[in-house]
Amino acid sequence: MPTAVSTLFDVDRLRAEAPVDHIEFHSVHPSTNDRALELAKSDALAVPALVLTESQTAGRGRGTNRWWSSPGALMFSLIVEPESLSLAQDVWPRISLTAAVAVCEQLRRWAPGVSCGLRWPNDVFFAGKKLCGILIEIPTATADGRRRLVLGMGLNVNNSFRDAPDEQRRVATSLADETSRMWDLTECLLDVLTQLHVTWPLLADRSTQLHERWQSLCLLTGRTVRLQLGGREVLGRVRQIDHDGALVIDTPDGTERFFGGVLKLVEDD
Ligand code: BTN
């Protein structure tokens, strides 16, 4: 595949310094997750592998959501092999939460004065608005049976929401908007990839440090939420995110643990 030239990223530097074994760069692509799901099927692919783009035309969010980002956002998909990161299958559901913790910690380094937290399962909020979304998908196994994961991330860095329509500006923000400066995207991507790289071992070791971090970063504790789970709707008050990454909710039927579902704050209704 011919290598496109980037105006926003120093791809040579990424190839030299990023903690990945393969990088595919596109100036524009419909969706880096779609491309990563395709690439991940190949036995020959060296992993971790990164698919990076400057612009996406059909970015996907969780469920049926679309993901729109203007240039200046970080949009990438990382292909990882959980087994080579020593991530046993029972911790896979915690990978997205772990990635969200890694992003929060990096944001705290970039902008120590700005509040940062996570909205279960894996949205990263900055100054009270969404800054980063994560989409984990499982590709078909390779011909020789290796299982991989695709971790797609959209992180608003230099793409400003200041001139965006009201309904977007109310709910989304970027690093540039909150810090009133522009950021070096190559540097930012290297920081995030490095932070992910140093955080996986905590998950592999089932470190209590990691559980404590996602509990303390949880923005939903004490809030009333509505959780849609297939045909069932649950209304209740969030206690915490537990050690397994489940959201613990006090419901009219008692305390229950949830591993999925579409969540809404009741105040958002
Ligand atoms: C969400 O918040 O719903 C998840 C958003 C994930 C968006 C990223 S952008 C890079 C990667 N490619 C996609 O098509 N989606 C993810």
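We did not get these values from a lab; they are worked out from the coordinates using the rules stated. Bear in mind that the values here come from a model prediction, so they are computed numbers and not experimental data. Heads up, the Cβs are rebuilt from the backbone with ideal geometry, glycines too, and the neighbour counts pull from every protein chain shown.
With the simple spin-label model, which puts each label point 7 Å out from Cα in the Cβ direction, the Val114 to Thr140 separation comes to 4.1 nm.
With a simple spin-label model that places each label point 7 Å from the Cα along the Cα-to-Cβ direction, the separation between Ser27 and Ala44 comes to 2.7 nm. Extension gain for Val5 to Asp253 (0.36 nm times residue separation, less C-alpha to C-alpha distance): 83.6 nm.
Put in order of Cβ neighbour count within 10 Å, fewest first, the listed residues Ser77, Ser31, Ser70 become Ser70, Ser31, Ser77. Taking every alpha-carbon pair within the chain, the share separated by more than 36 Å comes to 11 percent.
Applied to the range 108-121, the Karplus parametrisation 6.51 cos²θ - 1.76 cosθ + 1.60 on θ = phi - 60° returns per-residue 3J(HN,Hα) values of 5, 6, 5, 9, x, x, 9, 6, 9, x, 10, 9, 3, x Hz, with x for Gly and Pro.
FRET efficiency for the Ser84 to Glu187 pair, using the beta carbon distance and R₀ = 25 Å, is estimated at 0.40.
Were the residues from Thr57 through Ser160 laid out at 0.36 nm apart, the gain over their Cα-Cα distance would be 35.3 nm. For Asp244 and Val171, the difference between the fully extended length at 0.36 nm per residue and the C-alpha to C-alpha distance is 23.4 nm. Residue exposure proxy: Asp10, Asp144, Asp250, ordered by other Cβ atoms within 10 angstrom of their Cβ from fewest to most, comes out as Asp144, Asp250, Asp10. A simple spin-label model places pseudo-atoms 7 Å from Cα toward Cβ; at Asp205 and Thr64 they are separated by 4.4 nm. By the count of other C-beta atoms within 10 Å, a proxy for reagent exposure, Trp92, Trp110 are ordered fewest to most as Trp92, Trp110.
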